[in-house]
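What follows is calculated from the coordinates using simple rules that are stated; it is not laboratory data. Quick caveat: nothing in here was measured; it's all calculated off a predicted structure. Because the Cβ atoms are built from the backbone with ideal geometry, glycine has one as well, and the counts that use them run over all protein chains shown.
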Amino acid sequence: MPTLEAPEERLRKFKYRGKDASARRQQRIVVSLQLRKAKKDEQALKRRNITSLSPDPASEQPTKGVSLTLQEIINGVNASDPDLYFPATQAARKLLSRERNPPLKLIVEVGLIPRLVEFLKSSLHPCLQFEAAWALTNIASGTSEQTRAVVEAGAIQPLVGLLSSPHMTVCEQAVWALGNIAGDGPELRDFVISSNAIPHLLALVSSTTPITFLRNVTWTLSNLCRNKNPYPCQKAVKQMLPILSYLLQHEDSEVLSDACWALSYLTDGSNERIGHVVDTGVLPRLVDLMTSSELNVLTPSLRTVGNIVTGTDHQTQVAIDAGVLGVLPQLLMHPKSFIQREAAWALSNVAAGPHQHIQQLITCNILPPLVALLKNGDFKVQKEAIWAVANFTTGGTVDQLIQLVRSGVLEPLVNLLAIQDTKIVIIILDIITFLLQAAEKLSERENLCLLIEELGGVDRIEALQLHENQHIALTALSIIENHFGEEEENGTLLPDLDQDHEFLKYLKKYQSSTASEPRIKP
């Protein structure tokens, strides 16, 4: 999790009580920039082909084991003799397919791209088309400038045309090239979409498609779903969703991984966009894939479901009905900390719903693994778990909050008051305050105060009154004077705090409503 500059920034982006009720009900928005970024275990944006594709008669032209110099390559592709095109293009492709330091920049600078694009149109020479498409694929796997050079030479339309080639390797190489172009960013992605590539790509998906070919098609489709500034157009999304749903039923882990990543991109947005995916009925399958032992499948399926539960309460309920709460407890205990973190993040958004959702969390025995994370998890995981508890306390009924206390949540929360993260400390103090308020409604405040004292919480909170951060110091002071002060039984009043203080805003809001009221979205 990146360090945020102010509590308000976190509150602005997350379902949590720091906002007023109407803003909080609008939507649940993904918070963690680090969770949203592409990681090394995520699919690559672009890929270079350094090995030959599956055999195809079109590509089985015998070649001499002669290496051409760069100048000979340049002369060959620009020659008047068509017989020189193939060996020169193949030699260029081999240079670009070197595993280390391929001369992408040099090939662009000497002006080979326009000729390679022309060779894509040589329908009578599929071997030449294949080599040209392969060379362009590898150039497009480079920098944005190099990818753009391929596009500006007019490659997209002939590549789309090759998606209908009768020669499988030619067709597959065109798929790969278009995937690299689409992966460069939203502008070139939309260029590929506007060139009518999607219907041709979808036509390539069938039960008889060879697995390596199907993997490339799925990866290219996922790149056409990627990026959100702007998002892909609604028409394109609606075209792709049925095929992505179909691919989600495949058994190959690479196909499943890229299909899940595609859906994760499509659900990383507004409730309307989430709704398009939910309406396809894929949630039960996504939840099933969350139990996969393969990280390349588990990670994007969890990400997608995590995105979905940032949506409306109805969308979250569909995820609950699909069984997500039966899987999350196991993922909270996963050996990989980044899986624990994503699971805690998903849980925190479920906990930010109405009290009915919170009751389902309790029923599915989520609290024990959540408390275990607070005690023993990596600090980044602990922070997500704290947000889950914060959402739980602000949306739950008084009875549900008592169950939270009985789960043992106070001990790790008290211990975490010693951390250096001021934003998290403020949240923990607010959670403790909220629990004390709930206990007071049941005339159990004295018992809760004794428990906090036994856990060393009073000493920690008293020490925080001297904290250099004013929010922390004032919040700690409020807790001590209102709940542990000598005059508490005589009705000690709140200290005269700044009216803009976050804790006071929250307390006023709490006093104007009951904790048992469900938060219904408008």
Legend entry - Karplus (6.51, -1.76, 1.60) ³J(HN,Hα), θ = phi - 60°, over region 467-476, in Hz, Gly and Pro reported as x: 5, 5, 7, 4, 4, 5, 4, 6, 5, 4
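Can you give the convex hull volume per residue for the Cα atoms of region 265-325, as a whole number of Å³? Present the calculation step by step, with values, prior to reporting the outcome.
Numbers: hull volume 4.1 nm³, N = 61.
Cα convex hull per residue, to the nearest whole number: 67 Å³.
Give me the extension gain from residue 473 to residue 100: residue separation times 0.36 nm, minus the current Cα-Cα distance, reported in nm with one decimal. Let's see the in-between values first.
Working: separation 373, 0.36 × 373 = 134.28 nm, distance 5.71 nm.
Between residue 473 and residue 100, full extension yields 128.6 nm more.
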Inset, instruction - Report the relative contact order of region 284-334, percent, no decimals, based on alpha-carbon pairs under 8 angstrom and at least 6 residues apart. - result: 35
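Please list, by residue number, every one of the GluC sites (Glu not before Pro) in region 379-475 that is coil in DSSP and has at most 14 other beta-carbon atoms within 10 Å.
Details: sites: 384, 440, 444, 446, 453, 454, 462, 468; in loops: 444, 468.
Answer in residue order: 468.
If you place +1 on the Cβ of every Lys and Arg, -1 on the Cβ of every Asp and Glu, and leave all else neutral, what size is the dipole of region 316-450 about its Cα centre, to the nearest 20 Debye?
Working: 9 positive and 11 negative charges, 51 e Å.
Value, rounded to 20: 240 debye.
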Inset, instruction - For residue 144 paired with residue 453, estimate the spin-label separation in nm (one decimal), with each label point 7 Å from Cα along the Cα-to-Cβ line. - result: 6.1
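If you wrap a convex hull around the C-alpha atoms of region 109-252 and split its volume per residue, what is the figure in Å³?
Working: hull volume 14.1 nm³, N = 144.
Here the figure is 98 Å³ per residue.
If you take the square roots of the eigenvalues of the alpha-carbon gyration tensor of region 120-174 and sort them as a ≥ b ≥ c, do you get rounded (a/c under 1.5), prolate (a/b over b/c) or oblate?
Details: a/c = 2.23, a/b = 1.89, b/c = 1.18.
Since a/c reaches 1.5 and a/b is larger than b/c, the shape of region 120-174 is classed as prolate.
Can you give the local net charge around residue 155? Use residues other than it whose beta-carbon is closer than 11 angstrom to its beta-carbon, Lys and Arg +1, Asp and Glu -1. Can you show the working numbers first?
Working: positive: 121, 148; negative: 118, 152.
Neighbour charge sum, excluding residue 155 itself: 0.
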Inset, instruction - Starting from the Cα-Cα distance between residue 164 and residue 79, subtract it from 0.36 nm times their residue separation and give me the gain in nm to one decimal. - result: 27.7 nm
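Going by average Cβ neighbours within 10 Å, how do the peptides 175-181, 377-383 rank, with the highest at the top? Could you put the intermediate results ahead of the total?
Details: 175-181: 28.9, 377-383: 18.9.
Packing order, densest peptide first, comes out as 175-181, 377-383.
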Inset, instruction - Can you tell me the FRET efficiency between residue 463 and residue 356 if r is taken as the Cβ-Cβ distance and R0 is 51 Å, rounded to the nearest 0.05? - result: 0.85
Inset, instruction - With label points built 7 Å along Cα→Cβ from the Cα atoms of residue 406 and residue 251, find their separation and express it in nm. - result: 4.7
